[in-house]
1. Within the range A:20-50, can you find the residues that are in contact with a Phe, Trp or Tyr (Cβ under 9 Å, 6 or more places away or on another chain) and without any contact (Cβ under 8 Å) to a residue 12 or more places away in the chain?
2. Can you find a residue in the range A:359-367 that is of a type in the set (S, T, N, Q) and modelled with pLDDT under 95?
3. Checking the structure you have, find out if any residue of the range A:382-401 is touching a helix residue (DSSP H, G or I) at 6+ places or on another chain (Cβ under 8 Å), assigned to a helix (DSSP H, G or I) and surrounded by fewer than 21 Cβ atoms within 10 Å (Cβ to Cβ).
4. Return a yes/no flag: does the range B:342-362 have any residue that is touching a Phe, Trp or Tyr at 6+ places or on another chain (Cβ under 9 Å), surrounded by fewer than 17 Cβ atoms within 10 Å (Cβ to Cβ), part of a loop (DSSP other than H, G, I, E, B) and within 9 Å of chain A (Cβ to nearest Cβ).
5. Out of everything in the range B:1-57 that is aromatic (Phe, Trp, Tyr) and away from chain A (no Cβ under 14 Å), what residue ends up being surrounded by the fewest Cβ atoms within 10 Å (Cβ to Cβ)?
6. Name every residue in the range B:144-155 that is within 11 Å of chain A (Cβ to nearest Cβ) and surrounded by 24 or more Cβ atoms within 10 Å (Cβ to Cβ), in order of residue number.
7. Tell me which residues, restricted to the range A:368-401, are basic (Lys, Arg) and modelled with pLDDT of 90 or more.
8. Could you tell me whether any residue of the range A:90-98 is in contact with a Ser or Thr (Cβ under 6 Å, 6 or more places away or on another chain) and surrounded by 21 or more Cβ atoms within 10 Å (Cβ to Cβ)?
2 protein chains.
Amino acid sequence: MTVDEMKYFFEPHSIALVGASRTPGKTGYTVAQNLKKADISGGSYLVNPNADEILGLKSYPDIDSLPEKPELVVITTPSRHVLPIVESCARNGVRAIVIVSSGFAEEGYGDLQDEIVAKAKAAGMRIVGPNTTGIMNTENNVTSTFVSFEDVRRGNVAFVVQTGVFAGAMLETVLTTQHFGISKVFGLGNKCDVDDADALEYLAQDDETEVIAMYIEGLKDGRRFFEMAKEVSKHKSIVVLKSGRSELGARVALSHTASLTGRDEIFDAACRQAGIIRVRGFEELIDVTKLLALAPRAGGKRIAIASVTGAGCVMGSDYCTDEGLEVATLTDESLGGLEAVSPEWHKPAHPIDLWPIMDSTGFHGFKESVGIMMNDPNVDAGVVITGAVRTFPLVDENKLREQLGAALRNDKPLILVMFGDRESIMKIAANVEPHGIPVYPSIERAIRVLGLVCNAHVMRI
Amino acid sequence: MTVDEMKYFFEPHSIALVGASRTPGKTGYTVAQNLKKADISGGSYLVNPNADEILGLKSYPDIDSLPEKPELVVITTPSRHVLPIVESCARNGVRAIVIVSSGFAEEGYGDLQDEIVAKAKAAGMRIVGPNTTGIMNTENNVTSTFVSFEDVRRGNVAFVVQTGVFAGAMLETVLTTQHFGISKVFGLGNKCDVDDADALEYLAQDDETEVIAMYIEGLKDGRRFFEMAKEVSKHKSIVVLKSGRSELGARVALSHTASLTGRDEIFDAACRQAGIIRVRGFEELIDVTKLLALAPRAGGKRIAIASVTGAGCVMGSDYCTDEGLEVATLTDESLGGLEAVSPEWHKPAHPIDLWPIMDSTGFHGFKESVGIMMNDPNVDAGVVITGAVRTFPLVDENKLREQLGAALRNDKPLILVMFGDRESIMKIAANVEPHGIPVYPSIERAIRVLGLVCNAHVMRI
């Protein structure tokens, strides 16, 4: 039943935006722009009693005057207008409402919010929000957010986040710096009705979604959420960034989304039991999501490292120790293979120092070494550390994908850490990430991600 | 005396490169290219017995045949040729040698390395290396590294690092992603002679250098290093990334630069006593260096936060708690000022949620809020969190510098955290960083940096 109700948000037959604006820069303007691009079977309607036409579309004075009853209504008006709009939605058989407007429970107007929820419940309508930018479906361009669809990549990652602006800016970060794609976005805001558990229930059956990345300030119903997560995490990955961890952060969350954050140790333990990967920050959320979205799962936590700088071998060993990962012991056969591409004065070991090897046998030695490492039966995941220096060929930019690709296996993640020239690294990432090799800008972040993911998965095995 | 000796590395009258190569892609080729650009009073000479001319310069068969005795000699030949070259340096009154070549103590050939050091000592020559890329001086373009000077920014940061490739790739990262500048680079490699304490002693009196960023695997003489650091940190900032922290990492360091890493708890305590800021990774090294290079020092650890997303207020509070920083309590006067730019339904608090303010008074409200925050007497440092979204004006890209600049003070750091569109953020960073406002890509990194720096400085007060 929840799933059927959620479908009205993501696959509505028809949509209306109440609070559409003619003023560029206003939320109601950008959302109207996006609405025009929605690929739905019914109509898209704009409502603003003070306008006849907005962005070339007819503007209606209210919901009652629309030629068709909208299944989904998005509201961006000031908060004092929202209750009567919800009442008119109820009269007209609307099924789902996104309330973008702020100024409800988070500002002390909880009574108004409760009244709205009661009206919606009585009419069988579900609400996302208020105080959010709302939803997005990359299959049909349906969205209530201000993120443009021009360059949204479809893919296997859904975001469920409790804050509108953060969702918008985070999506923009993902779209302009990452190469994984997006299936759905839930921006839940104050969670007056639809909450994280509803989102999980819907995404569990959504074939487009394999990874669920969440930002949570507070849960409405912790028990239901963790029970749901325990089921979902058996076949999809769930990554959670939870804030309001500190006493002060908890107080601030109350005034941001009216969230009760709960005790952090309890949340943490519940995540572990439910198979949720918990991260500490925004960058870590993206880092972990990237690995899960692009690469196969590791069967264990024996990590192999090959680095063009010996410093990478040293630091990689430190970070593996920090994260409770094992640095793999390569077979004698593998070490023999490495010896064959090394100069006579260098005795290869693991972690693999690629510098003497490449000094002697160049990119052939690089490719051979990575292949040997990834095919070693004692290795569950591999990390290759190298750099892009404009004046010195540390990597063969045009052939790197082929060199690494030869070592790719569908049962082990292969991660690339790149230092150096920003432009080259962007090109390399654009080249290798869509082929299943995630790229990270530092060793500590790469190994941290492996730690979070391998430990979570090993625990579940 | 050390200082005078070090000057031969950074301000030599004349230089020779032994191991110059005609083959693009070889170290001896790129170093020769760079050597041509050195702005020195004497000559730059290339030595290769198998060539007459390299890159348009005459090539000499050996040191003995040079028309002028070089003060600095850079050696890039295979390791087996290095000893006789050092002997010829001794014969010809050379003062300083950079041995780029690998294959010495780190590969088990410690005897050869010791013999070279003995020869150099007897002749009064100092050695940087072996197993490194060596030195760089941005004042006169003197370098033994393969980093091109085309776009090196001069500035107040010196790097002292124990690994050649890492130095090269790290510099390339700094040059293509950061806006602080570089004064000197010491790549110390195996530290057979010149070590971290020598580097500190030289940089202490170098007027160009205000911040010293170091990567260390092992110290040769810990006592001398920490005594020197304690003096230097009174007037310059020292940031240290030390690896080989774990048992395995320590073993790997031994085979990378023949370093004895020592016990990590002891190193850590010594850093605190010496006023060194210790970081955990490469990104943190750059992050902390950036703040120190660009912004004034904070007089305390009371942090103010203004965020365009309420999530930033919540997470900022969490991270301040994690780092032992205080979230500032704004004066009633400040809160009154914020109220004046807020809509009637929003009661401003600290951390400052900029969304309702900007929804009501736009960029004027943004500028006012940041000004109020930075001028509050209860605030030691400020963090502004915002995003760049292509379809929605969260920031006024062209006026952001002016808006933030109005709040800049020379007694408090002001940090900008930016999410969103990569291109816009790069433009904004290029615009504001040279004016003393460092930009970070995540809240956790910004607050972490403030934690490391403020705690270190407060401890020293």
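1. Hits for the range A:20-50 are A:Thr23, A:Gly25.
2. Yes - at least one qualifying residue is present in the range A:359-367.
3. Looking for residues that are touching a helix residue (DSSP H, G or I) at 6+ places or on another chain (Cβ under 8 Å), assigned to a helix (DSSP H, G or I) and surrounded by fewer than 21 Cβ atoms within 10 Å (Cβ to Cβ), one finds at least one in the range A:382-401, hence yes.
4. Scanning the range B:342-362, I find at least one residue that is touching a Phe, Trp or Tyr at 6+ places or on another chain (Cβ under 9 Å), surrounded by fewer than 17 Cβ atoms within 10 Å (Cβ to Cβ), part of a loop (DSSP other than H, G, I, E, B) and within 9 Å of chain A (Cβ to nearest Cβ), so the answer is yes.
5. B:Tyr8
6. B:Thr145, B:Phe146, B:Val147
7. A:Lys399, A:Arg401
8. Just the residues of the range A:90-98 that are in contact with a Ser or Thr (Cβ under 6 Å, 6 or more places away or on another chain), to begin with: A:98.
Next, only the ones that are surrounded by 21 or more Cβ atoms within 10 Å (Cβ to Cβ) stay: A:98.
Yes: one or more hits.
The values are calculated or read from the model by the stated rules, or taken from the named source; none is laboratory data. From a predicted model like this one, the values you see are computed outputs, not experimental measurements. In this analysis, Cβ positions are derived from the backbone assuming ideal geometry, glycine residues included, and neighbour counts consider all displayed protein chains.
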